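Q: Please see the structure below; I have some questions.
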Amino acid sequence: MLIVEDKALQSQVERILHSDEFRTSEVLRRLFKFLAEKTVAGEADHLKEYAVAIDGLGKHPSYDPRQNSAVRIQVGRLRQKLAEYYRNEGKHDDIVVDLPKGRFKLTYEQRCTTVELPAPPPPPITPPLEIAPTKATRPLGLLLWVGLALAMALVALYLWRSSSSEARTASSIPGWTPELRELWGPLVDSKLPVILAIEDPLFIELKSAPGIYYRDRSLNQWKDVVGSPAVAALRTALNHADIKPSRYYTAFGEVDVSFLLGKLLGSRERNFCILKTSQLSWRQLADNNVLFVGVQNLFFDEQLHGMPLDPQFVPVEEGIRNVHPKAGEPAMFKDQYSTAPAEEGIAYALVTHLPGPLRSNDVLSFTSSRSAGYVAAVQWFTDPSLARVLFADLKQSLGEKMPRYYQVLLKVKFRDDVPTETTYVLSRELR
């Protein structure tokens, strides 16, 4: 992220305040200006909801955050307004201003622009040497012309294949079933690069002896590691060993799904790469189509804050929480499994398709608390026969037309971390 000076931020804020998107909403203009001033002054991190209500929205001093949700509603509207602005008027602005969920501090960064160098001038055309058509030179001249014609034909063939490849969409890919085209069309038809973000969980390297690592699945941020009583006790037992973060390891499940996704998309996506989730920046999340595979908490807790749509299923430590359960639906889908020595049981897998932060790209995640869960989910989205079963369930639940954004909940039975049975549970359209 490039550092943006306060003057540049203030200039961008003024540009946004005078845009068509904000000109008709005095309430959001006042709130945005207030938060921008507090951000520049370095006071936004300490703002309370009451102060935002009184000073940012002009509410009466009797405002009670416990009884009134005006601040949360207006902040949510402001976040949507900013997204709308950058989708339209501000899509070419150099500075991107955002308001992450759960915060009153604005974030801002400068777009990374690429400069295209001018193409070098074509080399001068040198007229061919004239060779007298003697008996000795006629065959050589004929070969030269045949070779030139063949080279031109090969170039033309290459350009034709390249242009036809670029114009190819999911509906025209040979060998794809209608179900795969529906599920993967938004990514394949897009001209954006695809990033496969692979989970790289946080390990703690203990410096008392080479090669000793500690992993606590509840600790995914280094600040949580530093304040962990369990880590402190472990360091004491090892004579106060120094510690440092390490993301050197990943699970076998990630290898499995990388193969499945690479096999499906590798020959169809010209710009397809793999990246560690810890290295995935907010800018990459906004400028590329992103696939994530791994433990649910890592992606949902660290990457999905500030997205335009709110998920209806949310991963928690014990399973999947149903945010708005319908009649007859449980509020919690709990995982039930045993660990070593018997790795078996039931884990729920969640597939989430969301728009990116600016609604200009797609983010598709396959998550679960166990690798068997997200491996099974990827299998259902890449195997033609399984995709057919899944699509039939989705049509019955969501209607004949497949929604653009959705969540799918799957129940996965596994043994030795190998999925043995997968069943469709629920789905939700995201709007």
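Q: Based on the Cα coordinates of the stretch 321-380, what is the per residue volume of their convex hull in Å³?
A: Measuring per residue, one finds 121 Å³ for the Cα hull of the stretch 321-380.
Q: Considering Cα pairs under 8 angstrom that are at least six residues apart, work out the relative contact order of the stretch 288-428 and quote it in whole percent.
A: Rounded, it is 25 percent for the stretch 288-428.
Q: Sticking with this one: Spin-label point model (7 Å from Cα, Cβ direction): what's the Ala237 to Asp45 distance in nm?
A: The modelled label-to-label distance comes out at 3.4 nm.
Q: Lys and Arg at +1, Asp and Glu at -1: add these up for the other residues within a Cβ distance under 9 Å of Gly345 and post the number.
A: Its environment carries a net charge of 0.
Q: Taking the Cβ of each residue in Tyr213, Tyr405 as the centre, tally the other Cβ atoms inside 10 Å and list the residues starting with the fewest.
A: Tyr213, Tyr405
Q: Taking 8 Å as the Cα distance limit and 6 or more residues as the minimum spacing, I'd like the relative contact order of the stretch 203-246 as a percentage.
A: It rounds to 54 percent for the stretch 203-246.
Q: Please work out the Cα center distance from the stretch 357-431 to the stretch 34-61, rounded to the nearest Å.
A: The stretch 357-431 and the stretch 34-61 have Cα centres spaced 41 Å from each other.
Q: Next question. In whole percent, what relative contact order does the stretch 6-110 give with Cα contacts below 8 Å and a gap of six or more residues?
A: 28 percent
Q: Moving on to the next point. Sort the following peptides by mean Cβ neighbour count (other Cβ atoms within 10 Å, averaged over residues), highest first: 53-62, 186-195, 233-242.
A: 186-195, 53-62, 233-242
Values quoted throughout were computed directly from the atomic coordinates according to the rules given, and no laboratory measurement underlies them. Keep in mind the model is a prediction, meaning the values are calculated, not measured. In this analysis, Cβ positions are derived from the backbone assuming ideal geometry, glycine residues included, and neighbour counts consider all displayed protein chains.
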